[in-house]
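The values are calculated or read from the model by the stated rules, or taken from the named source; none is laboratory data. Note that the structure is predicted; figures quoted are calculated from it, not measured. Glycine gets a Cβ as well: all are built from the backbone with ideal geometry, and neighbour counts include every protein chain shown. Keep in mind that these areas ignore ligands, DNA and RNA; they rest on the heavy atoms of the full protein, side chains included. Shrake-Rupley method; radii C 1.70, N 1.55, O 1.52, S 1.80 Å.
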Amino acid sequence: MIEHVCLHIDRAFGWPIRMHAGTERPLDAWDARRRQWSSTRILRWLGEVGPAGGKLLGLTDVDLFIPILTFVFGEAQLGGVAAVVSTARLGDPPEMGDGRVIWERTAKEAVHELGHAFGLVHCGTPSCAMGRSSNVRDVDQKRGDLCGTCRAGLDERSGRST
Ligand SMILES: [Zn+2]
Ligand SMILES: [Zn+2]
């Protein structure tokens with residue numbers, strides 16, 4: 001699945017990808033009351049422990065939350081360094097949760113969150129990876145790539161001329 005996610009990230013952003021399988025875990029991100037993990041604290045932790053000089057995407061299977069929502073598929077620092085995506089809610093309904101379906105969903109959400117880290121905001125084009133998703137139906141509606149408008153925004157930010 002990680003290779004599949006990398007493939008989509010490469011296609012969307014075209015930046016070199018380095019994998020890092022660290023054994024450290026952000027223990028302060030666990031919320032004992034909600035029995036979930038704070039995605040915001042994971043982002044902060046990634047920024048502290050991750051290698052410098054690029055964007056960081058954390059991939060996890062723990063259930064993520066932000067205070068105002070029941071759960072999130074992921075979160076990113078807008079225009080910042082860190083992004084995180086979880087598979088915990090992407091295998092819904094459970095019979096859809098194995099094989100390629102969850103790979104595709106995870107890859108789309110990885111592109112989405114990294115897009116935020118590259119400074120992109122939500123997009124109104126339903127098929128665009130930067131479209132907002134509050135459930136897996138929304139995720140399934142999206143393609144794993146950026147629409148023309150988002151791609152142009154990305155090129156503008158990265159200073160590419162094409
Ligand atoms: Zn988003
Ligand atoms: Zn778009």
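Within the stretch 13-60, the set of residues being closer than 18 Å to residue 2 by Cβ, of a type in the set (Gly, Ala, Ser) and assigned to a loop (DSSP other than H, G, I, E, B) comprises 21, 22, 50, 54. Taken together, 128, 123 contain a single residue that is open to solvent by less than 60 Å² (accessible area, probe 1.4 Å), over 24 Å from residue 3 (Cβ atoms), within 14 Å of ligand 1 (Cβ to nearest atom) and of a type in the set (A, V, I, L, M, F, W, C), which is 123.
Let's see how each residue does on (1) open to solvent by 30 Å² or more (accessible area, probe 1.4 Å); (2) within 19 Å of residue 5 (Cβ to Cβ):
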position	(1), (2)
88	yes, yes
105	no, yes
108	no, yes
111	no, yes
136	no, yes
142	no, yes
148	yes, no
156	yes, no
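Being within 15 Å of ligand 1 (Cβ to nearest atom) and at pLDDT 95 or above is the filter; apply it to the stretch 143-152 and report the residue that is nearest to the chain's Cα centre (by Cα). Ranking the candidates gives 146 first. Residue count for the stretch 131-142 satisfying the condition of being more than 11 Å from ligand 1 (Cβ to nearest atom) and of a type in the set (S, T, N, Q): 2. Cβ separations smaller than 8 Å between residues 6+ apart or across chains give the following pairs from the stretch 63-91 residues that are within 18 Å of residue 121 (Cβ to Cβ) to residues that are part of a loop (DSSP other than H, G, I, E, B) and basic (Lys, Arg): 73/89; 81/55; 82/55; 83/55.
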